[in-house]
1. Among the residues of the range 193-218, write down those that are surrounded by fewer than 15 Cβ atoms within 10 Å (Cβ to Cβ) and in a helix (DSSP H, G or I).
2. Kindly provide the set of residues from the range 250-273 that are under 23 Å from residue 152 (Cβ atoms) and outside any loop (DSSP other than H, G, I, E, B), ordered by number.
3. Looking at the structure I just gave you, is residue 170 under 30 Å from residue 54 (Cα atoms), without any contact (Cβ under 8 Å) to a residue 24 or more places away in the chain, part of a helix (DSSP H, G or I) and not charged (D, E, K, R)?
4. On the given criteria, is residue 221 in contact (Cβ under 8 Å) with a residue 60 or more places away in the chain and either buried (at least 19 other Cβ atoms within 10 Å of the Cβ) or hydroxyl-bearing (Ser, Thr, Tyr) (or both)?
5. State all residues of the range 252-273 that are over 14 Å from residue 59 (Cα atoms) and surrounded by fewer than 16 Cβ atoms within 10 Å (Cβ to Cβ); if no residue qualifies, say none.
6. Those residues that are in contact with a strand residue (DSSP E or B) (Cβ under 6 Å, 6 or more places away or on another chain), surrounded by 20 or more Cβ atoms within 10 Å (Cβ to Cβ) and assigned to a loop (DSSP other than H, G, I, E, B), I need them from the range 274-298; list them, please.
Amino acid sequence: MMPIQRCTLPGGGSGYKWGKQGKCYASRADAMKQARAILAHDQKTTLVSPTGKPIPLRGVRANARAEAIFRKKLLRLVDDMNQSLLYWLSAAYNEFRSEMALDASPLATLQKKMNELAKRWLKNFRVGAEKLAEWHTKSTLNYTDADMKAMLKDAGFTVQMQITPAMQTAYDAVIAEQVGLITNMSTQQLAQIETLVMQSVQSGRDLATLTDALENQFGITRRRAKLIARDQNNKATQTLTRTRQQELGLRQSIWRHSHAGKVPRPSHVKADGKTYDLDKGMFLDGKWTFPGIEINCRCFSTPIIPGFID
């Protein structure tokens, strides 16, 4: 069953519904009420080893293809903004310098153009971030559920993947974090560009010098976008997988280090192969954490189906 998603209300406008066939409501809260009513009749699945001994499963790794598409879509959004800013700021800066030569005071016009660009791209990024985050989180949930279902089938279990309130909460939290990171990236980029333009004005720099500074800032933002795509793909995968495992009654998992990073965290390397509680995590570097949660962490976990014989 799919999570709460957008739909079109009978009278027009955007609404929310539960799954593919649910009624379309004006508010997400009403759609959640319908979801809870449906799930109230379902008994929570609890997996237990039929042999009595714990059964270790394989881990769910982040989907490299999803990361590549996420990165491509995010970079396209960033590049569209960068090209627009470079074009319009170049034209405005040239006009500013021409009017300065005539002893005019065109600074207000330049600032107005920057404000217009900032307003336009903050809105574009907000809309783009929401669409991208919803696509990526939905794709990740479909992937993790399918992978989890397959591994359980290999272990002799057949389960139905329901979108419980806990799964919906995790799903919404992943989207909210991604939207926040992407929009914050654009906010910081625009603030930094305004600073660069004002510094160029104060120093009397020519357009070529300003362009070099802008291109350097664009490169910083592109690198940050790549990090967001990689980090959020790992984090979404592990967050949704962990919540799903808990909803299936699994209590413990084994920390697995990816051995993929150039500079791995020593504590994560030492944690490799150790068992931890899914509702608590592992205490590393002075705090409780989970695989894939720290920035750029590519660790994952292998869950354990509990038994009644230790």
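No value in this document is a laboratory result; all are computed from the given coordinates. Model, not experiment: these values are computed from the prediction. Positions of Cβ are generated from backbone atoms using ideal geometry, with glycine treated the same way; all protein chains shown enter the neighbour counts.
1. Applying the first criterion (surrounded by fewer than 15 Cβ atoms within 10 Å (Cβ to Cβ)) to the range 193-218 yields 195, 198-199, 202-204, 206, 208-209, 212, 215-216.
Answer for the range 193-218, where residues must be surrounded by fewer than 15 Cβ atoms within 10 Å (Cβ to Cβ) and in a helix (DSSP H, G or I): 195, 198, 199, 202, 203, 208, 209, 212, 215, 216.
2. Selection gives 252, 253, 254, 255, 256.
3. Details: under 30 Å from residue 54 (Cα atoms): yes; without any contact (Cβ under 8 Å) to a residue 24 or more places away in the chain: no; part of a helix (DSSP H, G or I): yes; not charged (D, E, K, R): yes.
No.
4. On the way: in contact (Cβ under 8 Å) with a residue 60 or more places away in the chain: yes; either buried (at least 19 other Cβ atoms within 10 Å of the Cβ) or hydroxyl-bearing (Ser, Thr, Tyr) (or both): yes.
Considered against the rule, which asks whether it is in contact (Cβ under 8 Å) with a residue 60 or more places away in the chain and either buried (at least 19 other Cβ atoms within 10 Å of the Cβ) or hydroxyl-bearing (Ser, Thr, Tyr) (or both), residue 221 comes out as yes.
5. Of everything in the range 252-273, those that are over 14 Å from residue 59 (Cα atoms) and surrounded by fewer than 16 Cβ atoms within 10 Å (Cβ to Cβ) turn out to be 259, 260, 261, 262, 263, 266, 267, 269, 270.
6. 290, 291
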